[in-house]
Amino acid sequence: MNLADGLTAVTGGVARVVTDHNRVVVLVMLVLTAGVVFGLTQEQRDAENGASESVIEGTAVHDAETYLDARYFDGEDETSTDAVYIQGNDGSVLNKAGLLAALDYQIAVGDSASVTDALAGETPGDSIRNPAVPVAVRLADEPDPDLATQRQAVADASPAAVDEAVRATLAEAESDQIRQFLPVDYEAGTSDAAGMRLLLTVTDGADITDELGEAATTVSESTPVTVFTTAGLQEDVTQQVLPELAWLVVPMILFVLAVILGFAYRDVTDVVVSFTGVVVTLLWTFGLMGWLGLLGQQTGLVVPVLAIALSIDFSFHVFMRYRERRGTDDGIRDSLRRSTAAVMVAFVLVTVTAVVGFVPNLTNPVGLIRDLTVAFILAVLSAFVIFTTLVPALKTSADGLWERFGFDRTAVALGKGSYLGRVLGGSVTVAQRASVVVIALALVVGAVGGVAFTEVDRQQFQDSDPLSDPGWQSELPGPMAYELHETEAAQQLSFADDQFATTGDDPDSTFAFTQFLLRGDVATAETMQALATGETAAAAADPDVVVNQGGVVDVRSPLTAMQELAADNPDSAFAAQFAAAADTQTSDPDRLRSLVPQQDVPATLDAFVEAAPQATRLLEQTDDGYASMRLLVPVQGGFGDDRATAMFDIEEEIDGATAASVTAVGSGTLNDAYIAEIVDGIVTTMLLALAGVFVVLAAVYRIAYNSATLGLVTALPIALVLALVFGGMLLLGEPLTAVTALIVSIAIGLGIDYNIHISDRFATELERGADVGTALREATTGTGGALLGSAVTSTGTFALLIVAPLATFQSMGVILALTLAASFLLSVFVLPSLLYQWARFVRREGEQGLRQSASSSD
């Protein structure tokens, strides 16, 4: 017995067991399902969402980041920053109530032993930065007052006195430091701010989330303002995203499925059995994911939608092939055994090639992509098992029950009707008359799609805000309404994100920042001018990217630090030397803040380091002089190309003004480097997946039908599917991100499904003695009808993801819908032309695996 005969014997044997012992099979599958579903109760591991740092090793931005860490941060204690926000319920928090709340909070956490142990400083005052403290010190009017004295001073002051103290404090030279704790839209010179924040510097790894939250709740209950911390809120909101999306999308999917399946099957029993298979497949997928610890928010919505699409596809083939094979005089078991055995071969091919298409993604450096890949593989395997065992067994039992009551269970397969038969069969007529033209047009379209790949926008992640009001989705009835943005946690998170810049861990800046590393001969007048140019460029940058408070961008550099030092000490020796280096003489603080050294720069830098030892945080002093400097630009949080573009623009401005090398290092530029490397990996992954599919199909078709070339022809349209998908992404403005790239690569696993069903049916009909034209017609009208039902259902299912108010899910839905639509069209309208040409030339001229028909291929 050869391998082909062995495969046929195995599939036939499984089909016989399933149909002859249907009740036993149903019972066994229910027991197995219970065991698999128990995986939902297992402890889940933490998701790895980011990419490994090794991905960008060797890039300019990574080399610069490594240099900065070694020269400017080596040996520092690792710390992190926790933020606590104070929000005014009816106006400004820069009043007595807001200041008292801030002081009460610091007193409360200072009394907690667990908090004080976690703080990085020697005393709580060293680690808690509170904008209310300098105002309270001014009101106390005594040297070094403790917190209790400060609080009493604020409590005893009149509202007018508090307002005057706030304005005076913010107007002082050090106000730039205080304003970092106020909203980004705070206007200088006013005492009006919708909120403020306290920042606590804690030792890295310390978890005081509960203590900070309890203190916030206690203070909020006793004051007219709201105090909260976002540490626990983010986790709460994240856990609510999936249920909100599920209630929004799943009912729509089920409704569409019911309508389409009802139209396609025109049989309530078949719809119910199909739905049962879909549900059990979902249970198996989630259960297996649970056993592997893969259940998480990131995989929670896309994976079940994929499992539903695969299940519907398998379902159509099980039911439609059964309807084709059952004649008026045939019994249920024999007909279902033959049809199940026939489609099982195709299911094996689909499962193997889909897994081969997915497997290369397991090498992806992004942990989320690897987890999704495993989940997709589990979904494919689950669908294969359920629709080759449980569903045929249920179908046998259901039809047997109905026929015992006298109901006729024969039906016409989709695609065999007069209208669809003509439409689907038209591709065979075109193949016989103009297959070369069809193939040429397909190749042209594929080439255009290949060019589109180079033009598709690249991003690491899409900037989606699950907390914003989605619009009509929030007005749907009942639990379908997406109302996450209306929860207290979401509103507090939105307030923090919208009103405040992202916090950073650098002790010189409250904000997150992008560092511009200047290396080489930096102790020059042109480099000083380059720093001034960088400051000007940052001030003109997009305020959605760069933190701009009332027209002020808090740029830090050796130049700004020298200007500030000279202005704060205008009569000092350093101020005189700094002014002389700028070729002037002045002791005016405002004038000193605008000077740029034009001569004696090395000596000026020496004097700066001597006068301010902390200067070494901004420039690197060596035995030979100065090797590097850094300029810090405060930036907003978030992802997107605009982050990197803005920083590269500033980098270009600085680079054009100095001979030193300039490299921007921050979240935007690092993300840009990651996506560049990941996209290169995606290309490799897709090529590997394509090569794997070609090899596997060639080998399997060689075994099953003694024709490796038929396997290669079957795989060829998948390359065209990828090209069409990239073309569609370009036209629709969909970006290529780490996640959507995975979805595109999944096109290989999903798209090959349709081709396999057509070519397998074509090969089966040839072996049964049909001529090429008849075999193609049976494949396109019979199997093509099932593919049409599957394509419409699956495309509709995926397309419904566009109603999710998150850009990532919308892109997934669009790309998967494009993939399935393109796969169906190519399999039914292009693949027949390829098969026709294969039959004319390859099959006739050497491969004898498929029995030659007596008639011509025409």
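The values are calculated or read from the model by the stated rules, or taken from the named source; none is laboratory data. Fair warning: this is a prediction, and the values are worked out from it, not measured in the lab. Reconstructed Cβ throughout: ideal geometry from the backbone, glycine too, with neighbour counts over all protein chains shown. The protein model used for the area step is the full one, side chains on, heavy atoms only, and it has no ligands, DNA or RNA in it. Shrake-Rupley method; radii C 1.70, N 1.55, O 1.52, S 1.80 Å.
On the principal axes of its alpha carbon atoms, the stretch 750-845 extends 55, 22, 15 Å, with the longest extent given first.
Take the Cβ atoms of Asp117 and Thr149, set R0 to 30 Å, and the FRET efficiency comes out at 0.75.
Taking the 0 to 90 degree range and rounding to the nearest ten, how far is the long axis of helix 601-611 tilted relative to the main principal axis of the chain, both from C-alpha atoms? Helix 601-611 sits at roughly 80 degrees to that axis.
Label-to-label distance, Asp126 versus Val272, with points set 7 angstrom from Cα along the beta-carbon direction: 7.4 nm.
What separates the Cα centres of the stretch 546-586 and the stretch 820-838 is a distance of 71 Å. The stretch 131-154 and the stretch 361-431 have their alpha-carbon centroids 74 Å apart. Computed packing ranks the peptides 247-255, 346-354, 190-198 as 346-354, 190-198, 247-255, most packed first, by mean other Cβ atoms within 10 Å. Considering only alpha-carbon pairs that sit under 8 angstrom and 6 or more positions apart, the relative contact order computed for the stretch 159-236 is 19 percent.
Label zone of Phe407 (point 7 Å out along Cα→Cβ, amide N under 16 Å): in the stretch 274-289 this covers 274-276. Between helix 641-655 and the chain there is an angle of about 50 degrees, using the helix long axis and the longest principal axis of the Cα atoms.
Here the extension length gained between Ser222 and Asp606 equals 132.9 nm, from 0.36 nm per residue of separation less the Cα-Cα distance.
Given the choices (i) 192; (ii) 249; (iii) 174, volume of the Cα convex hull per residue in Å³ derived from the coordinates of this structure is entry (i).
For the stretch 754-792 versus the stretch 648-684, the inter-centroid distance based on Cα atoms is 51 Å. The convex hull defined by the C-alpha atoms of the stretch 114-159 has an orientation-averaged projected area of 3.7 nm². Note the angle between two axes, namely the Cα long axis of helix 231-265 and the longest principal axis of the Cα atoms of the chain, as a number of degrees from 0 to 90, rounded to the nearest 10. Tilt of helix 231-265: around 20 degrees. For the chain, the relative contact order comes to 18 percent (Cα pairs under 8 Å, sequence separation of at least 6). Label the stretch 141-267 by shape, choosing from rounded, prolate and oblate, from the square roots a ≥ b ≥ c of the eigenvalues of the Cα gyration tensor; if a/c is under 1.5 it is rounded, and otherwise prolate applies when a/b is larger than b/c, oblate when it is not. Verdict is prolate for the stretch 141-267. Using a cutoff of 8 angstrom between alpha carbon atoms and counting only pairs six or more residues apart, the relative contact order for the stretch 535-666 works out to 27 percent. Think of a 1.4 Å ball rolled over the protein heavy atoms: the stretch 32-170 then has 50 Å² of accessible area per residue.
A P(r) calculated from all alpha carbon pairs of the stretch 328-441, with 10 Å bins opening at zero, reads 11, 23, 26, 25, 13, 2 percent.
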